[in-house]
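Beneath this line is the structure, given in structure tokens, with notes to follow.
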Amino acid sequence: MRLRLPAERPTEPPTGYKIAHPVLSQDGGRAGFTGVSLGGALPYGVLDDASCVYGLRHRPPARRCDCGFHCVHDRAVAEALLCTAEHRAAALLEVSVLGAYIRFERGFRYARQRVRTVTAGPCGCGAAAVALADAGWGRPGWRVLAPRCGGCARGRTAVSLAGFARLAGQGLRVLAGAASPGLAELSSADGLGVPELVAEAALLQARLDWFQSQLARLGERGTGGEHG
């Protein structure tokens, strides 16, 4: 006798969390996401249906396959994935699980999803992101984007967080996560912000250069005196 789990009929779509890379179409007219694991070769939109990555004709999520969208129940579990080196530039997605799904201990595998909220992490320099810019790699027809501050986004193909939300459509919200903790602590030190601290560092460097030039001149005079 084969035991079967009871069918679930929730009154509201379950909520899940996952990480993915934001992508921008080659012509700049569409925005979406690409996964970080099995389905990474198939970019998807804010509201989209899953397809079998193996090209089989069954409808995801098939029990004898691992196709379909994947997410976890706990936001903290998804955030922890962003600590790995290969996922540092990915974004955190909050999704609604739609259609048929299979529940697992840590999450869902399911047929259809709506991405509700995207949280972009800090820029590679540690500052809070204001845009999503070309990460230097992609999929055929799609540029992968990474969170960037205003300075680091300069000179790259980029779109603002609000602009990405408009291109993606479906009421998507795109939020900027906090700056890196180390930078946040530095910014609050002695009431100075990052621009002020950068200016202070530049002034200190200039004074150091002056002292080094003076020492060099004194050294040259000392050498000359010995030979005279």
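No lab work stands behind these numbers, since they all come straight from the coordinates. Everything quoted here is computed from the prediction, not taken from an experiment. Glycine also receives a Cβ, built like all others from the backbone with ideal geometry; neighbour counts cover every protein chain displayed.
Once you divide the Cα radius of gyration of the range 15-179 by 2.2 N^0.38 Å, the number left is 1.00. Each Lys or Arg adds one and each Asp or Glu takes one away; over the other residues whose Cβ falls under 10 Å from the Cβ of GLY124, this sums to +2. Our summary gives the range 15-179 a relative contact order of 25 percent, counting only alpha carbon pairs under 8 angstrom and 6 or more residues apart. Summing Lys and Arg as +1 and Asp and Glu as -1 over all other residues whose Cβ lies under 13 Å from the Cβ of GLY39 gives a net charge of 0. The local environment of ARG103, defined by Cβ-Cβ distances under 12 Å, has a net charge of 0 under the rule Lys, Arg +1 and Asp, Glu -1. Charge dipole of the range 62-137 (Cα centre as origin; +1 on each Lys and Arg Cβ, -1 on each Asp and Glu Cβ, all else neutral): 440 debye, rounded to the nearest 20. Backbone N atoms of the range 121-136 closer than 18 Å to the 7 Å Cα→Cβ label point of ARG166 belong to residues 130-133. Listed by Cβ neighbour count within 10 Å, with the fewest neighbours leading, ILE19, ILE102 appear as ILE102, ILE19.
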